[in-house]
Amino acid sequence: MTSLTIEKGPTMRRYLWIITLVLVLVMPLLAACGGDDSDDEPEEADATEQVDAATPTGNAQAATTPAPQTAAEPTAEPTEADDDTDTSSGDNVLRVHQRFYPSIIDPQQSGFTEDIAILLLNYEGLTRLDENLETVPAAAESWEYNADATQITFTLRDGLTYSDGSALVAERFRYAVERTCDPNVAGVYQSILFVVAGCAELAETDPTDQAAYDAAIAALGVQAPDDSTLVVELVQPAPYFHTVASLWVFFPAKQELIEEGGDTWWQQPELQIGNGPFQLERVEQDQLVTLHANESYWEGRPALDGFEYIYQPDSTVALEAYRAGQIDIYRPDPSQFDAVESDDTLSEELVSFPNAATNYLSFNLTVEPFDDPKVREAFAYAFDRETFCTEIRSGDCSPTLSLIPEGVPGAIESDAFAFDPDAATQALADSTYGGPDDLPEITLTYVNDDPAEQPRVEWIAGQFRDVLGVEVTLEGMESTAWVETLYDPATRPQMTTLGWIGDYPDPQNWLSTLFTCEGVESSSGYCNEEFDALTDQADSELDEATRMDLYAQAAELLISEQPVIFLNNSLSFFLVKPEVSGYATTAGDIEWPGQRASMLTITTDR
Amino acid sequence: MAGYVVRRVLWIIPVLLTVAVITFFLMYRAPGGPWSDRRRLPEATEAALNAKFGLDKPLWFNGRAASDAQARGENNLLRVGRAYLDSQFFNYLFGVARGDFGPSYQSRGTESVQSVLRREFPTSAKLGLVAITLALLIGIPLGIVGALRQGSFFDHLTLILATTGVAIPSFVVAVLAIVFFSSQLGITPIRRPEEWDGLSTAYLLPAIVLGLGPMALIARLTRSAMVDVGHQEYIRTARAKGLAEGIVARRHMLRNALLPIVTVVGPIAAELVTGSIIVESIFNVPGMGREFVTSISARDYSMIMGTTLFYAFLVVLANLLVDVSYSFLDPRIRVA
């Protein structure tokens, strides 16, 4: 067992031993109390006052991003990676609150938004997304598909370096692909590269069979013929692949440093030498992650000197820290919306924008009664999405009737199956059940980890009872157990609420990834050959207009079939200090406004 | 005495084994596993991960491996037996015997459980020790005064304090404390990581919150034990001998009243030094309290086993210390 020394006391004849022990333990504490409190902080007052003067916060998000301020910072520049004692080397440091600490900070293993929020600052892929979520050159200055889009050739910029000045060559990106597909690594997002030739085969190789493993690596369809060229072979036409190349799995962490650090290399910032606008500096488990500006970033250093993620799981404490001026950006919990909106200062500092996330009510189509499309239609008509978002979810979502959220390429407008109680009862009457009375028992399964979910599902059940006259039983489940039920039609809940956050802004990541016969939602029993034919064709179509048109047809087909009821898109709400400026938001900004497209321009003048 | 302690220490082994069996059994009753995710891993990937961490082996006994070994003509009973025990449970136990508590699956198996606990336990232990010290320092005197001045204003005050201490959940007290200290005194709500190095003032507030419940319990316990002892014949004798009231209280009452207090302090100390998820997350304390909770929802099997066994070990150890201390407190109790 770990060290636990049992102190042998003197002959403890009396109860006095307790007092002695107490004194020994408390002495250092009392001594420490004498020292001055190291924080010099009471600045919450000025933070509150300043706002009225400088109001244009709420619309700052809409402001066009100012041109990247090149290193014209008056505040000297003590930041050259060599001083690790001083935590905040420059003054212009953005402090962003995070609720959850990453489970792992490793480009080829991470999968959660809080992990990726760090990786996106520290590294950069071959491409990246701009403020319109369009894919633009990053480490690669250009790319080219072959005639049938089964091969893509990236050309890297000249003179690319890591933050430590070492050269960044195409081989680094080849290694990133190899490591993603490696069965020894087996990250959450491994399968996103299965479109690369040989990746799935490598992933399925038994790593203990050295010969087979070596052969699979050699057969992987990625080559770096020279320092500035990366050629990727694809198993099928994939004209969206340049967008996949912006994902974290492509981030070029250095092979020799990963091997040097072993399994826990990712906890050591000195091994996480990156090519992004910032460079990791401190990694303090569950508490703090800091980065400093990368002076050798190819596009010029960011306007900020440094960046801090401050972790605090409790929303009340985090809001208090925001008020006290300890953090600059905080995402309030829905339970705090009322308090924020009724506060003169905070309501002025609220920034909101839609997210690339869609929530829906999912059915098991293999069991009664939702195998009957008319029953699904009835439930779709019966759902008052507007009231659900504004009143039940305190406004943290906006109603939708289609899959792909507005602002993401491939989004379509639809007004089918909007809330209509008469149409709902009519649809139920038209079903094989003829009305509510002959329906089998219906259960709505939900995740009860968060107590706030209970009143929401109760409202949903009430909605179906009021409109359709159907009694819905509620069943709460712990999240991991619930996820497990989703894998198989035999265990899949009759009805449950689900959501999808886009990994990259391409309709393929929504329509094909979710609803094809092999897709994430296929265990609901949804498999439509016509839909698959449309998405297959779209996935490999080279002409952008034709491709989008095919996806639109698939999206319309999905709506007409209602394998799920589309409910809403999530809205992001952030409190942003008025001193923060120079950012534009995108639907991909999950952790902070400006996360995707404004890393170089966002700044604070605190 | 030495023989008694040795016997008790040896008893720790079967106790921990029982805890391990029960935890392991319950843990695997819960659906899902460490790789459960909305975006399901491809089957081959999941199989590779399971094989890498030995999660593909049978839970308790590996009958197949044993019969395979026999079929190969393996006659060495030890080897057949080892093959039979090539299961998740026994491999875990063998690992523990070697000091390897397995990989923490929350970090996708990159960090070992012992390395997580080695990093986080000292902070929790420091906080817990300060908390229990404060609880004793304040709780015992409160109880004594309450007992000596029964029915007085002070006695009622103690009762009120004690009841509130037990009744108000620590997350309410913790959040109130943070909000109060932040808005009134300008103390930053979120501490910097370096403030937890050594034993700094940062520990004071969370320790008070953490120690409030135990303090209340100790105060009430002290009071009732003191009152109880006060009715004993030997106290009347002591008073009849003409001893000063102060000496009666200290030497005869408190000393005897300490027994029940020491009894509860052992397990409470074991609980406090292993951290509390609520206090630790609200005060940003980098301790191990959260591991008890997050490991369960993440199905981090080795972390669930590690934290449970570690906690069980500390409880058993604390109880042993308590039992040994009885013989110092009360000469009538002889351990042999």
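The values are calculated or read from the model by the stated rules, or taken from the named source; none is laboratory data. None of the values given here were measured: they were computed from a predicted structure. Neighbour counts run over all protein chains shown; Cβ positions are idealised from the backbone, glycine included.
Closer than 30 Å to B:L17 by Cα, acidic (D, E) and either surrounded by 21 or more Cβ atoms within 10 Å (Cβ to Cβ) or at pLDDT below 80 (or both): is that true of B:E271 in this structure? No; evaluated as a whole, the condition is false for this residue. Only one of the listed residues (A:E518, A:E529, A:E541) is of a type in the set (D, E), closer than 20 Å to B:R39 by Cα and out of contact with any Phe, Trp or Tyr (no Cβ under 7 Å at 6 or more places or on another chain). That residue is A:E518. Selection of the range B:227-262 for residues being of a type in the set (V, I, T) and crowded, with 16+ Cβ neighbours inside 10 Å yields B:V227, B:V229, B:I235, B:V248, B:I261, B:V262. Considering the range B:22-55, the residues that are in contact (Cβ under 8 Å) with a residue 40 or more places away in the chain and farther than 30 Å from A:Q108 by Cβ include one that is surrounded by the fewest Cβ atoms within 10 Å (Cβ to Cβ), namely B:T23. Within the range A:187-222, the set of residues being more than 14 Å from chain B (Cβ to nearest Cβ), over 25 Å from A:P237 (Cβ atoms) and touching a residue at least 40 places away in the same chain (Cβ under 8 Å) is empty. Summed over the range A:190-212, the residues that are within 28 Å of the chain's Cα centre (by Cα) and in a loop (DSSP other than H, G, I, E, B) give a count of 5. All of A:L534, A:L558, A:L542 fail the test of being of a type outside the set (F, W, Y), at pLDDT below 90 and over 30 Å from A:Y330 (Cβ atoms), apart from A:L542. Scanning the range A:545-589 for residues that are among the β-branched types (V, I, T) and closer than 27 Å to A:P489 by Cβ, which turns out surrounded by the fewest Cβ atoms within 10 Å (Cβ to Cβ)? The selected residue is A:I559. The single condition among (1) within 8 Å of another protein chain (Cβ to nearest Cβ); (2) more than 22 Å from A:A318 (Cα to Cα); (3) assigned to a helix (DSSP H, G or I) that B:L199 does not satisfy is (3).
Per this entry, A:R323 is not counted among residues that are surrounded by fewer than 24 Cβ atoms within 10 Å (Cβ to Cβ), within 11 Å of chain B (Cβ to nearest Cβ), closer than 29 Å to B:E111 by Cα and of a type in the set (K, R). Within the range B:192-212, the set of residues being under 22 Å from B:P169 (Cβ atoms) and either surrounded by fewer than 22 Cβ atoms within 10 Å (Cβ to Cβ) or among the acidic types (D, E) (or both) comprises B:L204, B:L205, B:I208.
In the range A:94-158, counting only strands (runs of 3 or more DSSP E) that sit wholly within it, the ones holding 3 or more residues that are modelled with pLDDT of 90 or more and either over 30 Å from A:Q267 (Cα atoms) or among the hydrophobic types (A, V, I, L, M, F, W, C) (or both) span A:140-145, A:151-156.
Only one of the numbered conditions (1) more than 13 Å from chain B (Cβ to nearest Cβ); (2) touching a Phe, Trp or Tyr at 6+ places or on another chain (Cβ under 9 Å); (3) part of a strand (DSSP E or B); (4) small (G, A, S) is not met by A:S570, and that is (2).
Conditions tested, residue by residue: (1) surrounded by fewer than 18 Cβ atoms within 10 Å (Cβ to Cβ); (2) over 39 Å from the mean Cα position of the chain (by Cα).
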site	(1), (2)
B:W60	yes, no
B:Q70	yes, yes
B:G73	yes, yes
B:L77	yes, yes
B:R82	yes, no
B:L85	yes, no
B:Q88	no, no
B:N91	yes, no
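Answer yes or no as to whether B:L321 is surrounded by fewer than 22 Cβ atoms within 10 Å (Cβ to Cβ), at the interface with chain A (Cβ under 10 Å from one of its Cβ atoms), within 12 Å of the chain's Cα centre (by Cα) and among the hydrophobic types (A, V, I, L, M, F, W, C). Spelling it out, it is not the case that B:L321 is surrounded by fewer than 22 Cβ atoms within 10 Å (Cβ to Cβ), at the interface with chain A (Cβ under 10 Å from one of its Cβ atoms), within 12 Å of the chain's Cα centre (by Cα) and among the hydrophobic types (A, V, I, L, M, F, W, C). Residues in the range A:223-268 that are away from every other protein chain (no Cβ under 14 Å), in contact with a strand residue (DSSP E or B) (Cβ under 8 Å, 6 or more places away or on another chain) and part of a helix (DSSP H, G or I): A:F241, A:H242, A:T243.
Taken over the range B:142-191, the criterion of being more than 13 Å from every other protein chain (Cβ to nearest Cβ), assigned to a helix (DSSP H, G or I), surrounded by fewer than 19 Cβ atoms within 10 Å (Cβ to Cβ) and of a type in the set (S, T, N, Q) is satisfied by B:T163, B:T164. Of A:L514, A:L575, all but one fail to be under 23 Å from the mean Cα position of the chain (by Cα) and part of a helix (DSSP H, G or I); the exception is A:L514. Within the range A:329-352, identify whether any single residue is within 13 Å of chain B (Cβ to nearest Cβ) and either buried (at least 24 other Cβ atoms within 10 Å of the Cβ) or assigned to a strand (DSSP E or B) (or both), and answer yes or no. Yes, because at least one residue in the range A:329-352 is within 13 Å of chain B (Cβ to nearest Cβ) and either buried (at least 24 other Cβ atoms within 10 Å of the Cβ) or assigned to a strand (DSSP E or B) (or both). Taken together, the residues in the range A:424-442 that are touching a helix residue (DSSP H, G or I) at 6+ places or on another chain (Cβ under 6 Å) and not charged (D, E, K, R) amount to 6.
Here A:N275 fulfils each of the conditions (1) assigned to a helix (DSSP H, G or I); (2) crowded, with 24+ Cβ neighbours inside 10 Å; (3) of a type outside the set (G, A, S); (4) in contact with a Pro (Cβ under 8 Å, 6 or more places away or on another chain) apart from (1).
Listed residues A:Q312, A:Q285; which is out of contact with any Ser or Thr (no Cβ under 9 Å at 6 or more places or on another chain), facing chain B (nearest Cβ under 9 Å) and in contact (Cβ under 8 Å) with a residue 12 or more places away in the chain? Selected residue: A:Q285, the only one of A:Q312, A:Q285 that is out of contact with any Ser or Thr (no Cβ under 9 Å at 6 or more places or on another chain), facing chain B (nearest Cβ under 9 Å) and in contact (Cβ under 8 Å) with a residue 12 or more places away in the chain.
From the list B:P42, B:P103, B:P31, the lone residue that is within 14 Å of another protein chain (Cβ to nearest Cβ) and at pLDDT 85 or above is B:P103. Within the bounds of the range A:530-552, is there any residue that is over 26 Å from the mean Cα position of the chain (by Cα), aromatic (F, W, Y) and either part of a helix (DSSP H, G or I) or on the phi < 0 side of the Ramachandran plot (or both)? Yes, there is a match, as at least one residue in the range A:530-552 is over 26 Å from the mean Cα position of the chain (by Cα), aromatic (F, W, Y) and either part of a helix (DSSP H, G or I) or on the phi < 0 side of the Ramachandran plot (or both). Look at (1) within 10 Å of another protein chain (Cβ to nearest Cβ); (2) over 30 Å from B:I187 (Cβ atoms); (3) surrounded by fewer than 19 Cβ atoms within 10 Å (Cβ to Cβ) and you find that B:F310 fails only one, number (3). Restricting the range B:105-139 to residues that are under 17 Å from the mean Cα position of the chain (by Cα) and β-branched (V, I, T) leaves a set whose member that is surrounded by the fewest Cβ atoms within 10 Å (Cβ to Cβ) is B:T123.
Of B:S276, B:S302, B:S281, which residue is away from chain A (no Cβ under 12 Å) and either within 25 Å of B:D197 (Cβ to Cβ) or among the acidic types (D, E) (or both)?
From the options B:S276, B:S302, B:S281, the qualifying one is B:S276.
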